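Everything on this sheet refers to the single structure shown next.
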């Protein structure tokens with residue numbers, strides 16, 4: 001079983017939930033492909049012990065996204081080509097949380113590597129499960145204030161990233177116009193709106 005699978009969880013519904021957790025039996029490795037591992041798991045229904053099914057899921061490392069704001073209320077954005085959709089996207093900096101690393105340190109590292117920006121006022125403003133039907137990871141959103149460009153970028157060998165500053169007040173229009181359309185980035189700005197609202 002992967003580290004993100006159910007651990008010591010009560011199969012009986014709690015906290016007002018109407019459905020209980022399925023009990024996992026065993027997980028089988030199907031494919032290891034770079035940052036993802038595809039697994040198949042057998043699990044038993046909490047309401048009917050005779051109901052046992054096989055389910056496929058993707059074992060993935062946790063992710064982090066960073067909304068970085070300069071003193072002038074400019075948002076540090078990045079443009080990069082995304083092979084999944086075959087197009088350039090407008091996003092906030094982010095990436096994978098390395099083994100043994102926490103979300104805050106990972107976010108600050110990714111921000112600096114991708115943009116050259118650093119900041120001294122850091123806050124976790126939200127966490128989402130990117131797609132709990134097939135993914136077992138979480139994505140944490142950080143807010144970094146007082147962001148300043150203090151160093152050169154350190155991109156991975158296959159990364160090509162352009163840094164773009166946009167006024168914070170322009171973000172809703174960029175979302176409405178579909179120029180920012182990455183679902184995890186939209187979730188990050190939603191957390192920001194809740195914080196500011």
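Roughly how many nanometres apart are two label points built 7 Å out from the Cα toward the Cβ at residue 181 and residue 25?
4.3 nm
Normalised radius of gyration for region 83-197, please: alpha carbon Rg relative to 2.2 N^0.38 Å, two decimal places.
Relative to the rule-of-thumb radius for its length, region 83-197 sits at 1.07.
Between (i) 127; (ii) 155; (iii) 236, which entry matches volume of the Cα convex hull per residue in Å³ as derived from the coordinates of this structure?
Correct label is (ii).
When only C-alpha pairs under 8 Å and at least 6 residues apart count, what is the relative contact order of region 89-197, in percent?
Rounded, it is 29 percent for region 89-197.
Counting each DSSP H run of 4 or more residues in the chain as -39500 (n - 2.57), what helix-only mean residue ellipticity at 222 nm follows after dividing by all residues, to the nearest 500 deg cm²/dmol?
Values: 3 runs with 33 residues, N = 197.
Counting only the DSSP helices, I get -5000 deg cm²/dmol.
Taking the 0 to 90 degree range and rounding to the nearest ten, how far is the long axis of helix 103-115 tilted relative to the main principal axis of the chain, both from C-alpha atoms?
Tilt relative to the chain: about 40 degrees.
Restricting to Cα pairs below 8 Å that are 6+ residues apart, what does the relative contact order work out to for region 34-82? Please round to a whole percent.
This gives 30 percent for region 34-82.
Every number in this text was worked out from the coordinates using simple rules, so none of it is lab data. In this text, all values refer to a predicted model and were calculated from it rather than measured experimentally. So basically every Cβ, Gly included, is an ideal-geometry build from the backbone, and we count neighbours across all protein chains shown.
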